[in-house]
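Structure first, commentary second.
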Amino acid sequence: MIRTLFAAMLLMWPMTAQAEWHEAQSDHFVVYADDKAANVARFAERLERFDKTLRFLTKAAVTPIAPPNRVTVYVTGDMSSIARLAGSSNVAGFYIPRAGGSVAFVPKRAGDGGREGIDEEQVLFHEYTHHFMLSNWADAAFPAWFVEGFAEFFATTRFRPDGTIEVARAPMYRARSFANGVPISAQALLTGDPARIERSALYAGGWLLSHMLILDPARRGQLDRYITAVAAGQTNAKAAEAFGDLRQLDRDFSRYVRTGLRYMTIPAASVPAATVRVRALRPGEAAMMPLIIRSKRGVNRKAALALLPLVQRAAAPYPNDAAVQVELAEAEYDAGNNAAAEAAARRAVATDPTSIDGHVYIGRARMAAARAAKNADPQLWRDIRKSFLAANAIEADDPEPLMLFYQSFDIPGQKPNTNARDALLRAHLLGPQDRGLRMQAARVLLETDRGAEARRTLGPVAYAPHGGATAAFAAELIAIIDRDGAAAALTRWRNGPQRETDDDTDT
């Protein structure tokens with residue numbers, strides 16, 4: 001999960017701790033913003049209503065979400081500072097899926113429509129739709145054009161002052177793609193290689209095709225049949241037969257952008273207001289927040305070493321603030337200082353015995369130290385696992401301690417037992433949006449000769465729009481499972497697994 005963030009960027013990110021840092025919690029989000037409490041509450045309430053809108057329209061179940069599985073949104077800085085944080089000048093906001101800690105970063109409202117007309121809320125709605133899809137249809141193998149098209153369909157959701165909600169408005173920030181007509185044919189989206197489709201065309205064309213297939217009564221039912229065919233492993237061309245004559249589909253596609261675009265209006269009463277709880281951050285938390293944002297983005301070792309003295313200095317006045325000490329533990333751990341990380345984590349647990357992250361970083365630091373020393377003493381590793389078990393006892397639905405419990409068996413002379421494998425599969429169930437965890441789960445399923453389940457688990461990775469080499473490897477494994485079975489796919493994996501190298505940031 002460690003992402004590249006050049007050390008030089010650390011000096012460019014605003015460092016002043018604001019007096020108005022607040023946290024807002026709702027059923028599906030945790031929002032941190034250096035803004036007035038009322039503004040932070042209003043923003044969190046809109047996000048929660050967006051989730052309710054998605055559930056209302058898709059009939060997705062409303063199920064309790066444990067706090068570690070909520071999306072944490074950091075609202076701070078301006079467009080340029082968010083772009084620097086992302087490491088790309090073309091980013092107005094971004095989301096990173098992680099088990100037990102998915103995060104999103106957006107600037108304060110810019111007021112000028114943002115980059116090319118897109119504002120930070122539209123970016124966040126797009127990215128949260130991805131999270132929603134992965135969380136609610138965990139093993140659905142959606143093609144790339146639909147993954148992006150469906151996210152664009154909801155990105156432009158608008159909340160009127162009277163509470164009415166507008167959904168499926170045209171994304172005007174994609175207008176340039178339609179300057180000379182449709183940017184790509186429907187047939188090319190359905191049957192072509194997504195890796196060869198220009199990114200802007202994939203987004204714009206995917207939005208238009210999704211819009212038409214969802215809202216055009218003449219095409220009702222075709223999308224469901226197509227998705228079912230894709231999930232069953234049919235070729236692109238075979239699955240596309242669900243739409244009938246593709247030449248006619250292309251004619252309808254071109255006509256739809258001129259005559260068929262409309263949006264739906266949802267009455268306010270259909271999506272009621274959400275409950276939001278707001279608190280002001282403690283002084284230590286507020287002082288740490290600019291550094292926490294950098295850390296949660298993800299750092300490589302060079303950036304971690306540059307960040308560490310800043311974290312140490314900010315944390316020094318707050319030895320008894322558990323949240324501050326957890327962040328210090330994370331910074332020490334990222335910098336490779338395992339003993340210091342363990343010490344900070346133990347201070348966090350001493351102050352707050354229910355600190356899940358405190359227990360996690362005690363275990364993480366001890367595990368890293370044992371591996372560095374090549375110490376495979378079974379008693380030591382049993383003792384290390386107690387930290388992950390303690391975290392699990394505090395919150396059974398946090399996927400991270402379960403994942404780490406499994407990984408603690410990845411040492412010489414030990415193999416994951418049934419409990420460890422079950423823990424990893426449970427972690428994947430709780431955090432299906434984490435691609436690395438999904439790949440680990442698929443391997444466990446192959447190792448236990450559950451090829452059909454492994455195939456379903458690999459599907460979303462294989463179809464990921466920005467999956468890169470990992471997506472190609474997942475697709476290769478699916479083909480081997482279909483042709484030769486689970487054992488052959490596992491042999492291929494053992495002979496040359498594909499390393500996870502791709503970034504999930506896409507907007």
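Residues are listed down the side, and each one gets a yes or a no for (1) modelled with pLDDT under 90; (2) buried (at least 20 other Cβ atoms within 10 Å of the Cβ):
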{"residue": "126", "(1), (2)": "no, yes"}
{"residue": "130", "(1), (2)": "no, yes"}
{"residue": "136", "(1), (2)": "no, no"}
{"residue": "139", "(1), (2)": "yes, no"}
{"residue": "150", "(1), (2)": "no, yes"}
{"residue": "158", "(1), (2)": "no, no"}
{"residue": "161", "(1), (2)": "no, no"}
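Of everything in segment 53-80, what is outside any loop (DSSP other than H, G, I, E, B), out of contact with any strand residue (DSSP E or B) (no Cβ under 8 Å at 6 or more places or on another chain), surrounded by fewer than 19 Cβ atoms within 10 Å (Cβ to Cβ) and in contact (Cβ under 8 Å) with a residue 24 or more places away in the chain? Give them in sequence order.
First, the residues of segment 53-80 that are outside any loop (DSSP other than H, G, I, E, B): 53-58, 67-69, 71-75, 79-80.
From the residues that got through so far, the ones that are out of contact with any strand residue (DSSP E or B) (no Cβ under 8 Å at 6 or more places or on another chain) too are 54-55, 58, 68-69, 79-80.
Filter once more, so that each one left must be surrounded by fewer than 19 Cβ atoms within 10 Å (Cβ to Cβ): 55, 58, 80.
Hit for segment 53-80 is 58, nothing else.
Could you grab me the full set of residues in segment 431-442 that are crowded, with 24+ Cβ neighbours inside 10 Å and hydrophobic (A, V, I, L, M, F, W, C)?
The answer is 437, 441, 442.
Residue check: is residue 341 in contact (Cβ under 8 Å) with a residue 24 or more places away in the chain and more than 17 Å from residue 324 (Cα to Cα)?
Working: in contact (Cβ under 8 Å) with a residue 24 or more places away in the chain: yes; more than 17 Å from residue 324 (Cα to Cα): no.
Criteria not met by residue 341.
Please specify each residue of segment 70-81 satisfying the condition of being over 23 Å from residue 132 (Cα atoms) and either under 16 Å from the mean Cα position of the chain (by Cα) or not acidic (Asp, Glu) (or both).
The answer is 76, 77, 79, 80, 81.
Quick one: which of 228, 265 is surrounded by fewer than 18 Cβ atoms within 10 Å (Cβ to Cβ), in contact (Cβ under 8 Å) with a residue 40 or more places away in the chain and of a type in the set (Ser, Thr, Tyr)?
Values: 228 fails: in contact (Cβ under 8 Å) with a residue 40 or more places away in the chain.
None of the other options fit; the residue is 265.
Return yes or no: is residue 452 surrounded by fewer than 21 Cβ atoms within 10 Å (Cβ to Cβ) and part of a helix (DSSP H, G or I)?
Values: surrounded by fewer than 21 Cβ atoms within 10 Å (Cβ to Cβ): yes; part of a helix (DSSP H, G or I): yes.
So residue 452 fits the description; yes.
Mind counting the residues in segment 81-110 that are in contact with a strand residue (DSSP E or B) (Cβ under 8 Å, 6 or more places away or on another chain) and outside any loop (DSSP other than H, G, I, E, B)?
10
Could you grab me the full set of residues in segment 339-355 that are β-branched (Val, Ile, Thr) and within 21 Å of residue 380 (Cα to Cα)? Even if it seems obvious, please write down each step before you answer.
Filtering segment 339-355 for residues β-branched (Val, Ile, Thr) gives 349, 351, 354.
Across segment 339-355, the qualifying residue is only 349.
Do any helices (runs of 4 or more DSSP H) lying entirely in segment 185-248 carry at least 3 residues that are modelled with pLDDT of 90 or more and more than 23 Å from residue 173 (Cβ to Cβ), and which ones are they? Let's see the steps before the verdict.
Working: elements: 186-191, 199-215, 222-231, 236-239.
The helices (runs of 4 or more DSSP H) meeting that bar are 186-191, 222-231, 236-239.
Look through 488, 420, 427 and report the one residue that is over 28 Å from residue 375 (Cβ atoms) and of a type outside the set (Val, Ile, Thr).
Step by step, each of 488, 420, 427 is checked, and only 488 is over 28 Å from residue 375 (Cβ atoms) and of a type outside the set (Val, Ile, Thr).
When segment 163-184 is examined, which residues are found to be buried (at least 17 other Cβ atoms within 10 Å of the Cβ) and not in a loop (DSSP other than H, G, I, E, B)?
165, 167, 173, 174, 177
Which one of 404, 477 is in the same structural domain as residue 359 (by TED's automatic domain parsing), at pLDDT 95 or above and part of a helix (DSSP H, G or I)?
Values: 477 fails: in the same structural domain as residue 359 (by TED's automatic domain parsing).
So the residue among 404, 477 that is in the same structural domain as residue 359 (by TED's automatic domain parsing), at pLDDT 95 or above and part of a helix (DSSP H, G or I) is 404.
Restricting the first residue to segment 413-427 and requiring it to be free of Cβ contacts under 8 Å to residues at least 24 places away in the same chain, which pairs with a second residue that is in a loop (DSSP other than H, G, I, E, B) and buried (at least 19 other Cβ atoms within 10 Å of the Cβ) meet a Cβ separation below 8 Å and a spacing of at least six or different chains?
Every condition considered, the pairs that remain are 420/408.
So which of 486, 442 ends up being of a type in the set (Gly, Ala, Ser), at pLDDT 95 or above and over 28 Å from residue 189 (Cβ atoms)? Break it down into steps so the answer makes sense when it comes.
Numbers: 442 fails: over 28 Å from residue 189 (Cβ atoms).
On inspection, the qualifying residue turns out to be 486.
Residues are listed down the side, and each one gets a yes or a no for (1) at pLDDT 95 or above; (2) in contact with a helix residue (DSSP H, G or I) (Cβ under 6 Å, 6 or more places away or on another chain):
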residue	(1), (2)
5	no, yes
11	no, no
39	no, no
51	yes, no
64	no, no
68	no, no
72	yes, no
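The values are calculated or read from the model by the stated rules, or taken from the named source; none is laboratory data. Keep in mind the model is a prediction, meaning the values are calculated, not measured. We place every Cβ from the backbone using ideal geometry, glycine too, and count neighbours over all the protein chains shown.
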